[in-house]
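The values are calculated or read from the model by the stated rules, or taken from the named source; none is laboratory data. Keep in mind that this is a model prediction, so the values were computed, not measured. Quick reminder, even Gly has a Cβ in these numbers, built from the backbone with ideal geometry, and neighbours come from all protein chains shown. With ligands, DNA and RNA removed, areas are computed over all heavy atoms of the protein, side chains included. Shrake-Rupley method; radii C 1.70, N 1.55, O 1.52, S 1.80 Å.
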Amino acid sequence: MARRVTYQIFDMPDGRFSVTVTIEPDKTMVRTGFATQADADAWVEDLRHIMSALGAPVALAFPDYPGSLPLNEVLTFIRTAPTEAD
């Protein structure tokens, strides 16, 4: 059975880019150190080719945000988001 694969590209504080990939249900991997977003995009395209051979489509994790997400802002949002206990 093919599993769903999602990815997101993040802007790192040091100016580089990273890609986070999740293979459902519970496997997450991070590839860091891309000098440009184009390098990260090319890596994702290679991942698409590999995963398509396995029958696992690769999709953007947050389609409303097709570009890279600034990691610092994402972490701030996660840390300040209300929890169920609030």
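A few comments on the model shown:
- Being open to solvent by 40 Å² or more (accessible area, probe 1.4 Å) and not charged (D, E, K, R) holds for only one residue in ALA35, ALA40, ALA61, ALA56, and it is ALA35.
- Residues located in the stretch 1-44, provided they are within 21 Å of ASP64 (Cβ to Cβ) and in a helix (DSSP H, G or I): GLN37, ALA40, ASP41, VAL44
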